[in-house]
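The block underneath contains the structure these notes are about, expressed in structure tokens.
The values are calculated or read from the model by the stated rules, or taken from the named source; none is laboratory data. These figures come from a predicted structure and were not determined experimentally. Cβ coordinates were reconstructed from backbone atoms using ideal geometry, including for glycine residues, and neighbour counts include every protein chain displayed. Just the protein is used for accessible areas: all its heavy atoms, side chains included, with ligands, DNA and RNA removed. Shrake-Rupley method; radii C 1.70, N 1.55, O 1.52, S 1.80 Å.
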Amino acid sequence: MWNTIKQWLGAAADVALPRVCPVCQETLDGDERWLCRKCLAALPRTRYEEVHFNAMEQHFAGIVPIERATAYFYYEKGAPYASILHDIKYRSTPLMGRWLTARAVRDMGDSHFFDGIDAVTAVPLHRSKLAKRGYNQSEYLARGIADALGVPYVEALRAIRSHSTQTHKGAMERWQNIQGNYVLNKRNASPLTGKHILLVDDVITTGSTLTVCASQLLQIPGVSVSLFTLAAARLE
């Protein structure tokens, strides 16, 4: 009975305020979650996880010693699929991100990318930005993976200094902009000794944020770090 009522209420809400796919702007049907089937099927996957020493892993080689790295799909500014990131980050739809990363775990299952992951953490958001936005989109992404893998999500890092937007900065400016921004959350880091941690962020462009955060995690004795982002600018 309750399920029937929920379905009826959902259908009524869709009539009053139709849900639309953020990529193509077409109305979603009752069985579609967040993205329509067509756009989900055409998602521009990187498939980095299927390539030995892929472009993302090469990007960090000689800078920070990670185990492996991948991103779910390609990001291109102004392209239709960029709206997914924009919605997750600025339009209060972080649950779409959580749903997408859980789906990524299923889609990447045959690659064994997630094998051996003991815990998942996210690039943190400074309290000033958290207060303004109301949530950390990267945490939602990380929790989607943690839930799908059945491993803990841990707040292993803290943002101790807010930085100005990275959008219009070059690689060197981005690097300088975030130095000293992130530190270990020592209260939560201790149980991670000897563990394999997956560090999660929404998108990789220059990789400066992930480099600083991974370097902090690697201060934990015996830890190993892998990287996952929902999207990636083309790094080739």
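Output the DSSP H helices from the chain with an along-axis C-alpha extent of no less than 27 Å and a mean Kyte-Doolittle hydropathy no less than 0.5.
Length and hydropathy pass: none found.
Counting only Cα atoms, the size of the chain along its three principal axes is 53, 39, 39 Å, in decreasing order. Amide H contacts under 5 Å for TYR182: ILE160, restricted to partners 5 or more places along the chain or on a different chain, H placed in the peptide plane at 1.01 Å from N. The figure for ASP31 is an accessible area of roughly 130 square angstrom, using a 1.4 Å probe on the protein chains alone. The label-point distance for ALA55 and ALA79, in a model that sets each label 7 Å from Cα toward Cβ, rounds to 0.9 nm. Please say if segment 25-92 is rounded, prolate or oblate, where rounded means a/c under 1.5 for a ≥ b ≥ c the square roots of the C-alpha gyration tensor eigenvalues, and otherwise the choice is prolate for a/b larger than b/c and oblate otherwise? It comes out prolate by the Cα gyration axes. A probe of 1.4 angstrom, applied to the heavy atoms of all protein chains, finds ARG234 with accessible area near 150 square angstrom. Look at where the Cα atoms of segment 180-227 and of segment 121-143 average out, and the two centres are 15 Å apart. Label positions at ARG45 and ARG19, each projected 7 Å from the Cα along the C-beta direction, are separated by 2.3 nm. Full extension of the segment from LYS186 to LEU218, taken as 0.36 nm per residue of separation minus the current Cα-Cα distance, would add 10.3 nm. Sparsely packed loop sites in segment 47-115 (the trypsin sites (Lys or Arg not before Pro) outside DSSP H, G, I, E and B with at most 16 other Cβ atoms within 10 Å) comprise ARG47, LYS77, ARG91. Net length available on complete extension from GLU26 to ARG106 is 26.3 nm, with 0.36 nm assigned per residue and the Cα-Cα distance removed. Residues CYS36, CYS24 ordered from highest to lowest accessible area at a 1.4 Å probe: CYS24, CYS36. With all protein chains in place and ligands, DNA and RNA left out, the 1.4 Å accessible area ranks VAL200, VAL23 as VAL23, VAL200, largest first. SER92 contributes an accessible area of around 80 Å² to the protein surface, as traced by a 1.4 Å probe with all chains present.
So, with a 1.4 angstrom probe, what is the percent of accessible area on the chain that is carbon and sulfur? Mind showing how you got there, number by number?
Numbers: 6450 of 12230 Å².
Heavy-atom surface of the chain belonging to carbon and sulfur, 1.4 Å probe: 53 percent.
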